[in-house]
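Asks: Here it is, the structure in full.
The values are calculated or read from the model by the stated rules, or taken from the named source; none is laboratory data. Owing to the predicted nature of the structure, the values given are computational and were not obtained by experimental measurement. Cβ: placed from backbone, ideal geometry, glycine included. Neighbour counts: every protein chain shown.
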Amino acid sequence: MKSIRSMLPVWLLAVLVLSSLPNVPTPIYAAPPETCGVWRWGIETLSDVNANQVDFKPIARAIRKLREFEPPESLGKNTARIWPTEYRTYRVRAKIREHKWVCCDADDDGDYHLVLADPKNRKRTMIPELSDPDCPGARDSARVGAIRSVRQKYDNLFGKPPKGRFQEFEDPPLAFITGVGFFDAVHGQKGVAPNGIELHPVLDTDPVPRLGWVRFQ
């Protein structure tokens, strides 16, 4: 007599075999890497593949001059570092008009957002940002020490900005702000330069008397 197994249709035999196998859980794929921001995030935090090519020797430039830089023809959230502006570090002499800490909603990146004004014309403004050193990207940057140090230094010199809202200085302090050139999309940000130029991330700050001999062009 033929065995019962040999008498079963092939398809039914396959069903019986598969049903006898142990339950295998559905694969769970890892979530995308944690970030604090999206827009050109590697450039903003000096963690992109070209960050090691940035010249960190500061060039003294007036805000007026930086606002005259030619902006890129197109800019997207994944645009790579732009030559030459974003490969250079600039120091500006400016009055800090306002500041805020972009914290702590789900979409906030933790940056200190400043509004700087040209000492000779308060209508000439631009934005520098101090990155959060504990955010992915910034904490992986070779310059994380400077990113962390400048936040503490800024707090000591000018006070910690309030969370989520701009605070205007009654007597705007005159300071030197040093950071890497960065082009942002212009979308109505307070203090944005017409060409979207920023210093991002900021790597150092000093009150003017310490470096008063620096000439700005």
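Asks: Just checking, how many residues over region 190-217 are at pLDDT below 95 and within 22 Å of N121 (Cα to Cα)?
Replies: 11
Asks: Tell me which residues, restricted to region 77-101, are within 14 Å of the chain's Cα centre (by Cα) and surrounded by fewer than 18 Cβ atoms within 10 Å (Cβ to Cβ).
Replies: Hits for region 77-101 are K77, N78, T79, A80.
Asks: Could you tell me whether region 46-53 includes any residue that is touching a strand residue (DSSP E or B) at 6+ places or on another chain (Cβ under 7 Å), at pLDDT 95 or above and surrounded by 14 or more Cβ atoms within 10 Å (Cβ to Cβ)?
Replies: The answer is yes, given that some residue of region 46-53 is touching a strand residue (DSSP E or B) at 6+ places or on another chain (Cβ under 7 Å), at pLDDT 95 or above and surrounded by 14 or more Cβ atoms within 10 Å (Cβ to Cβ).
Yes/no matrix, rows are residues, columns are (1) touching a Pro at 6+ places or on another chain (Cβ under 8 Å); (2) of a type in the set (V, I, T); (3) within 16 Å of E198 (Cβ to Cβ); (4) without any contact (Cβ under 8 Å) to a residue 60 or more places away in the chain:
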site	(1), (2), (3), (4)
T85	no, yes, yes, no
R91	yes, no, yes, no
R124	no, no, yes, no
I127	no, yes, yes, no
S131	yes, no, yes, no
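Asks: Report the residue count in region 125-140 for those that are over 20 Å from K65 (Cβ atoms), buried (at least 21 other Cβ atoms within 10 Å of the Cβ) and of a type outside the set (D, E, K, R).
Replies: Within region 125-140, the first condition is being over 20 Å from K65 (Cβ atoms), and the residues that meet it are 130-140.
Next cut, buried (at least 21 other Cβ atoms within 10 Å of the Cβ) only: 130-133, 135, 137-138.
Adding the requirement that they be of a type outside the set (D, E, K, R) leaves 130-131, 133, 135, 137-138.
Count: 6.
Asks: Tell me which residues, restricted to region 102-121, are surrounded by fewer than 17 Cβ atoms within 10 Å (Cβ to Cβ) and assigned to a loop (DSSP other than H, G, I, E, B).
Replies: Passing the criteria: C103, C104, D105, A106, D107, D108, K120.
Asks: Would you tally the residues in region 143-172 being assigned to a loop (DSSP other than H, G, I, E, B) and free of Cβ contacts under 8 Å to residues at least 12 places away in the same chain?
Replies: 3
Asks: So the check is Cβ under 9 Å with 6+ separation or different chains; which pairs have a first residue in region 54-82 that's in a helix (DSSP H, G or I) and a second one that's among the aromatic types (F, W, Y)?
Replies: I63/F216; K65/F216; L66/Y90
Asks: How many residues, within region 128-142, are part of a strand (DSSP E or B) and of a type in the set (D, E)?
Replies: Total meeting the criteria: 1.
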